[in-house]
Amino acid sequence: MNQWWLECARCGRTDIPTDKPLTACPHCGHDWLEPRFPYEKLKPILLEEVPKRRCTMWRYREFLPITHDENIISMGEGGTPLIRLRNLGLMFGAPNLYVKDERQGPTGSFKDRQASLAISLMKEHNIREAVVASTGNVAISYSAYAAQAGIKLWAFLTSSVPADKMREVALYGTEVVKVTATYDRTKEVAAQFAEHRGLHLDRGIRSVAARESMKTLAYEIAEDFGWRAPDWYVQAVSGGMGPVGVLKGFQELYRMGLIDKIPKIAAVQATGCAPMVKAWQENSSVPINVESPQTLITTVATGKPGIAYTILYHAAKRYGGTFVAVTDEEAFRTMHIMAKLDGFSMEPAAAMAFAGTMQLLREGVIKPDETVVICLSGHTFPVEKHLLEEGWAHDLDLSHEEETSHTVPNREEGLLASLENLGGDVRRIVIVEDDAPARVLLRRILQARGEYEIYEAENGRRGLEVIKQVRPDLILLDLMMPEMDGYQVLDHLKADETLENIPVIVITAAHLTESERKRLSGYVRSLLRKGEFIDTELMDDIESALK
Ligand SMILES: *Cc1c(COP(=O)(O)O)cnc(C)c1O
Ligand SMILES: [Zn+2]
């Protein structure tokens with residue numbers, strides 16, 4: 001069991017429950033809660049235990065806000081290499097430029113850290129279905145981890161997200177909702193959908209998972225330098241979650257006396273979407289929002305970064321640090337330079353950080369002898385177009401909103417009606433299975449293939465209760481179970497004329513004898529043996545049973 005607690009950033013109270021997803025302080029309603037840890041007690045672990053552990057972000061698990069280790073969903077995220085940029089360094093006469101290579105996460109971006117902690121927390125809070133808004137990489141990464149955790153995901157993406165990325169999200173079995181609107185509007189729509197359906201909504205930077213996961217970047221960087229802080233951390237920013245998390249990480253290490261300064265943070269934005277840079281230039285501590293972002297680099301198209309900017313502004317005033325903008329053209333050119341010069345191929349958003357670094361070196365803001373860590377935040381892997389069938393995304397076109405919002409008073413109602421229709425008609429399926437991992441697998445196969453209302457029971461007796469209660473369209477039934485086995489369940493179904501016509505697919509671990517097969521024939525649609533069927537066979541059986 002991990003020891004940690006939450007502290008409200010406004011009222012400072014710490015008696016706040018950690019066993020459920022909170023959206024605000026229960027005492028004062030403030031929506032920014034900071035996880036805290038027994039730092040003094042943990043410091044020796046960092047020095048003595050951590051070096052012996054595997055290189056993933058979970059090597060710092062005592063500093064991550066999860067209570068039970070068994071809820072951790074890890075795919076090898078974090079623990080990425082810190083690599084010196086030989087050629088670029090030579091070019092600028094700056095020998096201490098380093099790349100933190102976040103392409104080496106399971107889905108190729110630093111969002112894998114966030115996904116690992118966020119999905120683990122969902123597991124800890126028993127969440128089975130969730131909604132996320134994304135400019136691409138969060139949706140990809142969450143989808144991968146949600147698959148493993150058996151969590152159904154709805155990803156709301158702006159239509160400007162490259163099709164390759166959208167396809168990758170769909171490949172993982174996530175419901176893709178393509179919204180023709182800005183990213184900030186897409187976030188609002190996702191929130192309404194979640195509220196309407198009573199689903200868990202990922203709160204982005206306002207969630208504990210986002211910031212706490214990103215702080216492991218700071219821990220890794222400091223540990224790699226032998227518990228020393230670099231002079232600069234440079235990153236391309238959208239909502240600013242990365243640098244806010246990294247800042248917290250360095251602050252914790254400073255507090256424990258492991259490093260002797262907090263690095264300067266340089267946040268790089270696209271010229272066509274630079275609410276932080278504009279505010280910084282005008283010496284404002286609140287962002288100057290951009291209503292309609294003008295950049296081809298969708299990954300960083302957050303026009304309203306909110307409090308993240310205010311936190312970074314105060315940090316920049318206190319420790320140094322800056323905000324710079326680069327054009328799309330500079331970012332694309334830098335992609336070529338970095339690949340050709342030092343062998344790093346990256347997505348345009350990541351290239352912005354390198355373009356920003358070069359600009360700051362040229363302007364003399366970064367001094368040639370300073371140690372600079374540049375976050376190579378992501379790499380995309382295009383998904384083979386032919387892998388997916390037509391209709392893998394739901395379309396939600398809100399581009400008419402702008403013209404009609406003055407004339408149509410019930411714009412939100414229209415939106416709710418559109419959201420209502422997403423996914424079509426929903427079939428009910430009951431899974432009766434005593435083995436918990438098998439239930440997760442069956443649930444996952446179903447979740448990844450469409451929208452089903454899924455009920456689960458861990459034995460025959462309970463299964464029968466659930467079946468009577470929900471009157472499902474289909475039953476997936478195990479045979480060997482405690483209390484009441486599958487044969488008895490079938491006998492009960494047969495004896496009840498309101499239940500006898502519900503199709504049943506038997507999924508069993510055992511080899512059946514001839515007489516057992518006879519007993520089943522006529523009552524079940526099909527029989528699958530565990531460990532011998534693949535998901536497409538099951539789905540074919542399910543789809544034909546539901547016809
Ligand atoms: C999300 C993302 C960013 C911006 O991250 P924030 O810290 O949330 O602003 C930059 N680069 C890539 C590749 C990303 O996926
Ligand atoms: Zn409070």
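When the square roots of the Cα gyration tensor eigenvalues are ordered a ≥ b ≥ c, the ratio a/c for the range 240-351 is 1.5 or more and a/b does not exceed b/c, which makes its shape oblate.
Amide hydrogen proximity for Gly321: with H placed 1.01 Å from N in the peptide plane, the residues at 5 or more positions away or on another chain lying under 5 Å are Ile265. Listed values for the range 3-15 are Karplus-derived 3J(HN,Hα) couplings in whole Hz (6.51 cos²θ - 1.76 cosθ + 1.60, θ = phi - 60°), namely 9, 7, 8, 9, 10, 6, 6, 9, 8, x, 6, 10, 8, and x replaces Gly and Pro. Here Glu223 sits with roughly 40 square angstrom of accessible surface, probe radius 1.4 Å. Taking a quarter of the surface of the Cα convex hull of the chain gives a mean projected area of 28.6 nm².
Counting only alpha carbon atoms, the long axis of helix 411-421 and the longest principal axis of the chain meet at about 50°.
Taking a ≥ b ≥ c as the square roots of the eigenvalues of the Cα gyration tensor, the range 427-546 is classed as rounded, since a/c falls below 1.5.
Got a number for carbon plus sulfur as a percent of the chain's accessible area, 1.4 Å probe?
49
Think of a 1.4 Å ball rolled over the protein heavy atoms: the chain then has 42 Å² of accessible area per residue.
Phi angles across the range 508-524 convert, under the Karplus curve 6.51 cos²θ - 1.76 cosθ + 1.60 with θ = phi - 60°, into 3J(HN,Hα) values of 10, 8, 8, 7, 8, 7, 4, 6, 5, 4, 4, 4, 7, 4, x, 9, 10 Hz, Gly and Pro given as x. Rounded to the nearest 10 square angstrom, Tyr313 shows an accessible area of 20 square angstrom against a 1.4 Å probe. Here His196 sits with roughly 80 square angstrom of accessible surface, probe radius 1.4 Å. Taking the Cα centre of the chain as reference, the dipole from Cβ charges on Lys and Arg (+1) and Asp and Glu (-1) amounts to some 1740 debye. Computed from point charges on the beta carbon alone (+1 for Lys and Arg, -1 for Asp and Glu), the dipole magnitude for the range 427-546 about its Cα centre is near 80 Debye. Distant-in-sequence amide contacts of Lys152, defined by a placed amide H-H separation under 5 Å and a gap of 5 or more residues or a different chain, comprise Glu129, Ala130. Amide H contacts of Glu453 (H built 1.01 Å from N, in plane; Pro and chain starts excluded): Arg427, Arg428, Ile429 sit under 5 Å, all sequence-distant by 5 or more or on other chains. Each part gets one Cα centre, and for the range 159-210 versus the range 282-332 those centres are 22 Å apart.
Look at the alpha carbon pairs under 8 Å that are at least 6 residues apart: their mean separation over the length of the chain gives a relative contact order of 12 percent. Helix 307-319 and the longest principal axis of the C-alpha atoms of the chain enclose an angle of approximately 30°.
If R₀ is 51 angstrom, what is the calculated FRET efficiency for the pair Ala163 and Val286, using the beta carbon separation as r and rounding to 0.05? Mind showing how you got there, number by number?
Values: r = 35 Å, r/R0 = 0.69.
With a Förster radius of 51 Å, E is 0.90.
Relative to the longest principal axis of the Cα atoms of the chain, the long axis of helix 348-363 makes an angle of roughly 10 degrees.
For the pair Ser345 and Val470, a Förster radius of 60 Å applied to the C-beta separation gives a FRET efficiency near 0.75, rounded to the nearest 0.05. In order along the range 288-300, phi translates into HN-Hα couplings of 9, 4, 10, 6, 10, x, 10, 8, 7, 8, 4, 3, 10 Hz, rounded to whole numbers, per the Karplus curve 6.51 cos²θ - 1.76 cosθ + 1.60 with θ = phi - 60° and x for Gly and Pro. The 1.4 Å probe gives accessible areas that order Met358, Met75, Met1, largest first, as Met1, Met75, Met358. Annotation: cysteines of the chain without a disulfide-compatible partner (Cβ-Cβ under 4.7 angstrom) are Cys55, Cys273, Cys375.
The values are calculated or read from the model by the stated rules, or taken from the named source; none is laboratory data. A quick note: this is a predicted structure, and the numbers were derived from the prediction, not measured. Don't worry about glycine lacking a Cβ; one is built from the backbone with ideal geometry, like all the others, and counts go over all protein chains shown. Just so you know, the surface numbers come from the protein's heavy atoms only, side chains and all, with ligands and any DNA or RNA stripped out. Shrake-Rupley method; radii C 1.70, N 1.55, O 1.52, S 1.80 Å.
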